Structure formats: structure tokens, C-alpha cells
Amino acid sequence: MSSTMLRRLIVMSLIVLWELLPRCGLVPELFLPSLSSTLAAGWNDAAEYGRALLVTLYEVAVAMVFACGGGILAGAIVGSLPRPRLLIMPMVSSLYAVPLVILYPVFTVWLGIGPESKIAFASIYGFLPTMLATVAGIQTIDPQLLLAARSMGATLGQRVTRVMIPAAIPTVLSGLRVGGALVIVGVVVSEMLISSGGIGYLISRYRTILESAHVFAGVLLVLALAVAFNALMRLIERRSAVWQTGSRAGRNAMVQETAAGLQPARPG
Amino acid sequence: MQPLANITPLKPTARDGAVQISGVGQIYRTSGQDVVAVSEVSFEVKPGRFVVLVGPSGCGKSSLLMMMAGLRRPTSGAILVSGAPIDNPDPNRVGVVFQEPSLFPWLTAEENVEFPLALRGVARKTRRAKAGEALQLVGLEGFGSRHPHELSGGMKQRVSIARGLVQDPPLLLMDEPFAALDEQTRMTMGDELLRIWAATGKTIIFVTHSLTEAVYLADEVIVMSARPGRIVDRLEVGLPRPRSFEMLGGDTFGSLRDRIWRHIRKSA
């Protein structure tokens, strides 16, 4: 059996179990409402969930711009200048290990319990991995490529736009993947803590009134959001990093070269 | 820079590929110590000649090549290429091929060859046409749309040569271009290069570690000593052209190779 098949089978059986276990009474509906009742809860209050989703999407989108844009910009600057890199990077790396969620209550004091505090928190949360990846991406650029570009008369600006940026893209994208995921986490978590709207807020509110089906409907929505983000990232990665597909093609080329009789002409 | 007392400068507009080096030295500092990489090197290369630089590792032959490419400044002395000083890389006068093919992995073979033209804002159509010609010259017709990872080591180095030739510079500098290739590919690439040289009439200055390669390719071999790099011998290779594999076993070939080896053994 192929791994794809197996994966699908696992997902399918989880879905079936989700429906069957509560129905047969093996698990109380309070702990795990069946899939059908979860979907029904979501459907009946679709308007409420829709509004919440819009709030969350708005927060995620704005935070994404700050986290990714800022992370790439800061990473590019710090990564290409050796002195700031030595000064700043140790601080950034250790900051990365701090559970930033402890700052969230402070943000609500500064910015209120509306979307602003969530955007601020999620931006910072996603900013760090994006910046770290961009710095790494710039540092791993093959200096030989820059030398070659210089030998062809590339100016500094051309070396940045035509060599450094494209060379850093794959590493930066993997940073975006982590950073973007953390933005979603940051938004939802902060909504659950202190807020007045969004999916996280709905989940948290329904939990306090023991409406398990509605809680799980919110969970499903967040899950869908994460899956959609992942699919989007995959699409971007596939479009922009075609060349990263490994060295197998190179070996094939060698075989073809011999087979096609690509023989050089004799001198003279 | 020292006055060019013993050099008669050509007209600055000439693009004949002649190289005039007088009293060139290079000193660089590492951990507070001055290292003399190249010392008092003077020689001239007439247009259209194939000259090979050999010497033990670290004898400054690559440094010398980098200076001729305008990628490094000499500490003392002067270098004229096509009759004019070379202070910065000038792809119209000098093409450079490195040991690593140094191709941009996100560009196709064709786009890699076009790169130096694109830097200068040459129109797309002209670029395509010129890249096509260059690829044809190195025997890679029909491989233009491949990415570097889809090419073998020898093919990559051909693309790199095509890129060095695309602006039709009268002088081609090659820094151990075949060192990373296997023996068989290396031999065919040598023949290929001689064919390209004969077809284009360019001046080629070629750095190598291989004595066989040096004698096989060159009109003239310049032997350098270990650090500080100086010229210890210049040999005319009188072997007729086109060179052929059979010459490798001949007496002339053997005695030339032995003479180079004696110099290198002495200084190593």
C-alpha cells in the first residue's frame, strides 16, 4: 500500500471513529460530540461563525503582512551586514525561546481587547522565525555566485536583486511557512485569552457554557484555516522553487548525454 | 600604481585581447601578518595565444587571474588588457570561467548565458539569439531550457564557458575550469576548448594543476613558484595543432612535462 493511500485511510478512519464513538455512547457527548452534531451546530449558527471567521481572517491577514514583511526586511538587512548580525542575532535567537504569550496581557492594556492587540501579538510571534530564516537564507548564499556576477559586471544593486534575493527564496519560504503558522496560532490563542470577537473567542465562550458541539465547530474552522494556509504555502513553494528539486535530474542528464552521443568535435 | 615604464600602451579602443603585466605584486593581511601572494610578476600575452599558468598550490596563480579579471586590485604594478588598465570587471574585454560552474540554479541554461547581457539591459530577443549562438558553440544546442540541476558536470561547465563567451570578449580567463570533472570528461572538455579557441581566435589564459593538461592545451606554459608567487620558467610548446591524444606519449610532450615538474618539485 502506498503511503498516500495509508494516510487517507487513517484520516478516513479517524472521521468515522469521531462519528461512531459518541453515537455508541462509548464517549460522552460532552467530551466529544459526534461529527454530525458538530457540523449541525456550526450550520445552525453559521452567521455567528461567519462573522467570527471574518474577524479572525482580518487579524491573520494584517499580522501576516507585519510578521512576514517585517521579518523578511529585518532579516535581509541584518543578514547582509556582519556587524549588526553579530550584535542582534544572539538576542533574537534567545528571544525566540521565550514564551511570548506572557506579553499578551500587556498588549491588551496598551491596545485594548479588540483586533489591534491580537495583530500586535501575532505579528511579533510570527516575526521571529521569518527573520531568523531570512538571515540564514542570506548567509547560505554561495559566495561563488556573487563573485561570478561581479565578474560579469553586476553592480551592487544587481547583485542584490538578481542573485541574493532569488538565492535566498527557498530558505525564506520555509521561514514563512513557520512564521505564518505561528501567526495563526498567535491570533487564535490571543482571541481565546482576552477578546471580544473571532473564532478563538467563540471557542472559549462556548466552552464556558459547556456547548461542546459549538466548541468543536470552532476547532474545525481553525483546522480548515491552517490546512488552507499550508496548501497556499505549498503552491507558492512549488511555483518559485522549481530549481530546488534535487540532483536526480542531473544524473539523468549524464545518462542522456552519453546516450545522445553528445560527442565533441575533434580539434581543428 | 607604478608608472608603466616598460609597457607601450595600445590605443585604448583596441579590443585585441592582449595582456600586459608589469611588476605586479599582491600582498594581503591575515591576522595581522602580511602575506605576499604574488611578487614582481611581469609577462606579456600576445593576442590569440593560449597561455597556461601552472604552479604548486598557493602560488598565487588564481590571484593573478582574479587581478586580470578586475576582481582584485594589485598592490603594486600594472595590468593592461587590450591596452587599457583593468580596474573593474569588464565583460566586454574579459570573460571569466571559474572552477565551479557558478551557474544560477533558478535560471535555465539559456537564461544563465543571457545573464551578463541582461545586466546591461540588452533586449530579450537579441539576448536569446546571442545565448543560442554561444550554446551552439559549446555544443549544447537544444539544452537551453534545462535548469542546472538537470545538467551533468561537464554540461554545466560548458554553459559556464558559453556565458563567458556571450559578450564576445577577446580574452577568456579560466581558473581550473575542469578540475572538478572526472578524467574522461576532462579530456573531452580539453579538446572541446581547443576547438572553441580555434573557432573564435580568442586569447585564453588558463590556470591548472595538471601538467598534462597544461602541455596539451598551451602555446606557452608559464611556471610559477610557491609563495611568494614568481615566474620561474616560460616554455614554448612547439607541438603542432591540432593537438591529438597520440602526442601525449611522445618525447617532446614528455620532456616538456618533466621540465615543468622539476620546477614545481623544487619549489614545493
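Key figures for this structure:
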| read-out | value |
| --- | --- |
| Counted residues, region B:109-119 - those being under 18 Å from A:Ile169 (Cβ atoms), more than 7 Å from every other protein chain (Cβ to nearest Cβ) and surrounded by 22 or more Cβ atoms within 10 Å (Cβ to Cβ) | 1 |
| Filter result (within 30 Å of B:Asp34 (Cα to Cα), in contact with a Lys or Arg (Cβ under 6 Å, 6 or more places away or on another chain) and at pLDDT 90 or above) within region B:200-237 | B:Val207, B:Ile222 |
| Residue within region A:191-209 that is among the acidic types (Asp, Glu), open to solvent by less than 20 Å² (accessible area, probe 1.4 Å) and either assigned to a helix (DSSP H, G or I) or touching a residue at least 12 places away in the same chain (Cβ under 8 Å) (or both) present | yes |
| Selection within region B:184-229 - outside any helix (DSSP H, G or I), among the β-branched types (Val, Ile, Thr) and out of contact with any His (no Cβ under 8 Å at 6 or more places or on another chain) | B:Thr203, B:Ile204, B:Ile205, B:Val207, B:Thr208, B:Val221, B:Ile222 |
| Residue in region B:68-81 that is farther than 26 Å from B:Arg265 by Cα, part of a helix (DSSP H, G or I) and aliphatic (A, V, I, L, M) present | yes |
| The lone exception for A:Ala154 - which of (1) outside any helix (DSSP H, G or I); (2) in contact (Cβ under 8 Å) with a residue 24 or more places away in the chain; (3) touching a helix residue (DSSP H, G or I) at 6+ places or on another chain (Cβ under 6 Å) it fails | (2) |
| In region B:15-24, the residues that are touching a residue at least 60 places away in the same chain (Cβ under 8 Å) and either in contact with a helix residue (DSSP H, G or I) (Cβ under 7 Å, 6 or more places away or on another chain) or not basic (Lys, Arg) (or both) | B:Asp16, B:Gly17, B:Ala18, B:Val19, B:Gln20 |
| Within region A:132-178, considering residues that are open to solvent by less than 10 Å² (accessible area, probe 1.4 Å) and more than 25 Å from B:Gln99 (Cα to Cα), the one farthest from the other protein chains (Cβ to nearest Cβ) | A:Val135 |
| Region B:82-96, residues that are more than 9 Å from chain A (Cβ to nearest Cβ), under 17 Å from B:Val45 (Cβ atoms) and either outside any loop (DSSP other than H, G, I, E, B) or not β-branched (Val, Ile, Thr) (or both) | B:Ser82, B:Gly83, B:Ala84, B:Pro85, B:Arg93 |
| Condition broken by B:Thr126, with the remaining ones in (1) open to solvent by less than 10 Å² (accessible area, probe 1.4 Å); (2) more than 14 Å from chain A (Cβ to nearest Cβ); (3) not in a loop (DSSP other than H, G, I, E, B) satisfied | (1) |
| Per-region count, region B:179-193, residues small (Gly, Ala, Ser) and at pLDDT 85 or above | 2 |
| Qualifying positions in region B:181-192 - among the aliphatic types (A, V, I, L, M) and more than 9 Å from every other protein chain (Cβ to nearest Cβ) | B:Leu181, B:Met187 |
| Inter-residue pairs, beta-carbon under 8 Å, first assigned to a helix (DSSP H, G or I) and in region A:74-94, second of a type in the set (D, E, K, R), 6+ apart | A:Val78/A:Arg85; A:Gly79/A:Arg85 |
| Verdict on B:Ala199 being in contact with a Phe, Trp or Tyr (Cβ under 9 Å, 6 or more places away or on another chain) and either within 14 Å of chain A (Cβ to nearest Cβ) or among the basic types (Lys, Arg) (or both) | no |
| Conditions (1) open to solvent by less than 10 Å² (accessible area, probe 1.4 Å); (2) of a type in the set (A, V, I, L, M); (3) in a strand (DSSP E or B): number failed by B:Val232 | (1) |
| Subset of region A:64-99 [of a type in the set (Val, Ile, Thr), surrounded by 12 or more Cβ atoms within 10 Å (Cβ to Cβ) and farther than 20 Å from A:Ser174 by Cα] | A:Ile88 |
| Which listed residue is open to solvent by less than 10 Å² (accessible area, probe 1.4 Å), of a type outside the set (Phe, Trp, Tyr) and within 14 Å of chain A (Cβ to nearest Cβ), from B:Ile204, B:Ile222 | B:Ile204 |
| Subset of region A:19-50 that is in a helix (DSSP H, G or I) and touching a Ser or Thr at 6+ places or on another chain (Cβ under 7 Å) - its residue that is most open to solvent (accessible area, probe 1.4 Å) | A:Arg23 |
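Conditions tested, residue by residue: (1) touching a residue at least 24 places away in the same chain (Cβ under 8 Å); (2) open to solvent by 10 Å² or more (accessible area, probe 1.4 Å).
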residue: B:Ser57; (1), (2): yes, yes
residue: B:Ser62; (1), (2): yes, yes
residue: B:Arg72; (1), (2): yes, yes
residue: B:Thr75; (1), (2): yes, yes
residue: B:Ala78; (1), (2): yes, no
residue: B:Val81; (1), (2): yes, no
residue: B:Pro89; (1), (2): no, yes
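The values are calculated or read from the model by the stated rules, or taken from the named source; none is laboratory data. Remember, predicted model here, so these are calculated numbers, not experimental data. A quick note on method: Cβ atoms are made from the backbone with ideal geometry, for glycine too, and the neighbour counts reach across all protein chains shown. With ligands, DNA and RNA removed, areas are computed over all heavy atoms of the protein, side chains included. Shrake-Rupley method; radii C 1.70, N 1.55, O 1.52, S 1.80 Å.
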